[in-house]
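Read the structure below first, then the notes.
The values are calculated or read from the model by the stated rules, or taken from the named source; none is laboratory data. Everything numeric here is computed off the predicted structure, so don't read it as measured data. Glycine gets a Cβ as well: all are built from the backbone with ideal geometry, and neighbour counts include every protein chain shown.
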Amino acid sequence: MNGAQIGLLVSLAVLGGCRSQAVQGGGSPAGSASGSRWLASEGRELVGTQAPEWRGLVFVQGGPLSLAALRGKLVLLRFWLVDCGYCKATAPALNELHERYASRGLTVVGIHHPKSDAARDLERVRRTARELGFEFPVAHDDEWPTVRAYGVGSAFKRFTSVSVLVDRDGRIAWVHDGGEFHRGGSAGHEDCNRAFDTLDGEIERRVGGR
């Protein structure tokens with residue numbers, strides 16, 4: 001990836017971190033204060049398609065893993081970056097989902113995608129993952145073959161910090177089109193809360209009975 005391509009993708013990630021489409025009713029997950037179900041503004045066309053196998057990843061924590069080896073489990077991917085405020089804000093949500101659902105069939109995987117030479121320092125990636133409290137597998141996608149395969153820069157144009165839920169059959173079940181999702185926060189974070197509630201409900205529904 002050349003400097004111009006990286007610069008373009010960096011510019012896509014500087015917009016506001018909480019925005020979405022809210023749909024009234026339609027199976028809003030329990031615990032949603034808004035009574036609305038969150039939908040991504042970008043990337044919804046990927047839902048129902050086969051999730052691409054991962055390529056070019058170096059695991060810095062846990063692993064090595066492949067998507068094929070995780071068939072039969074739910075997999076939550078988060079593309080993240082050191083020094084990303086949206087990623088830091090979302091870290092508690094990822095940690096909570098890992099703690100609550102790992103024993104019930106969810107595997108959370110953080111995929112780091114560097115946007116500078118400094119961010120290619122694998123020890124820095126490991127250290128940041130520890131500081132964020134990540135206890136799930138973390139991989140580094142140096143040249144972005146996996147990040148691009150999941151639509152960053154094409155289906156997802158506004159952010160690179162995308163999250164994707166893959167079902168037990170290896171199909172994309174849900175997408176978050178970047179920025180942040182979490183519980184709580186100040187005024188203006190209602191969409192972030194709604195996104196977290198919707199993802200939590202989607203995972204709960206899919207691990208139910210296991």
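Brief remarks on what is shown
- Subset of the stretch 91-124 [farther than 22 Å from Cys192 by Cα and part of a helix (DSSP H, G or I)]: Ala102, Ser103, Arg104, Ala118, Ala119, Arg120, Leu122, Glu123, Arg124
- Given (1) among the aromatic types (Phe, Trp, Tyr); (2) under 19 Å from Asp200 (Cα atoms); (3) within 15 Å of the chain's Cα centre (by Cα), index of the condition Trp54 fails: (2)
- Any hit, the stretch 113-121, residues being among the hydrophobic types (A, V, I, L, M, F, W, C) and touching a strand residue (DSSP E or B) at 6+ places or on another chain (Cβ under 6 Å): no
- Among residues of the stretch 139-164 that are under 19 Å from Glu45 (Cβ atoms), those with a Cβ under 6 angstrom from a residue that is surrounded by 22 or more Cβ atoms within 10 Å (Cβ to Cβ) and among the basic types (Lys, Arg), sequence gap 6+ or separate chain, pair up as Ser163/Arg78.
- Residue pairs whose Cβ atoms lie under 8 Å apart, separated by 6 or more positions or on different chains, with the first residue in the stretch 189-206 and closer than 14 Å to Trp174 by Cα and of a type in the set (Phe, Trp, Tyr) and the second surrounded by fewer than 19 Cβ atoms within 10 Å (Cβ to Cβ) and modelled with pLDDT under 95, are Phe196/Arg183.
- Taken over the stretch 101-128, the criterion of being among the β-branched types (Val, Ile, Thr) and within 22 Å of Arg55 (Cα to Cα) is satisfied by Thr107, Val108, Val109, Ile111, Val125.
- Pair list, Cβ < 8 Å and 6+ apart or interchain, from the stretch 71-93 residues that are on the phi < 0 side of the Ramachandran plot to residues that are assigned to a strand (DSSP E or B) and among the aromatic types (Phe, Trp, Tyr): Cys87/Trp80; Thr90/Trp80
- The criterion of being under 19 Å from Glu135 (Cβ atoms), small (Gly, Ala, Ser), out of contact with any His (no Cβ under 7 Å at 6 or more places or on another chain) and part of a helix (DSSP H, G or I) does not hold for Ala69.
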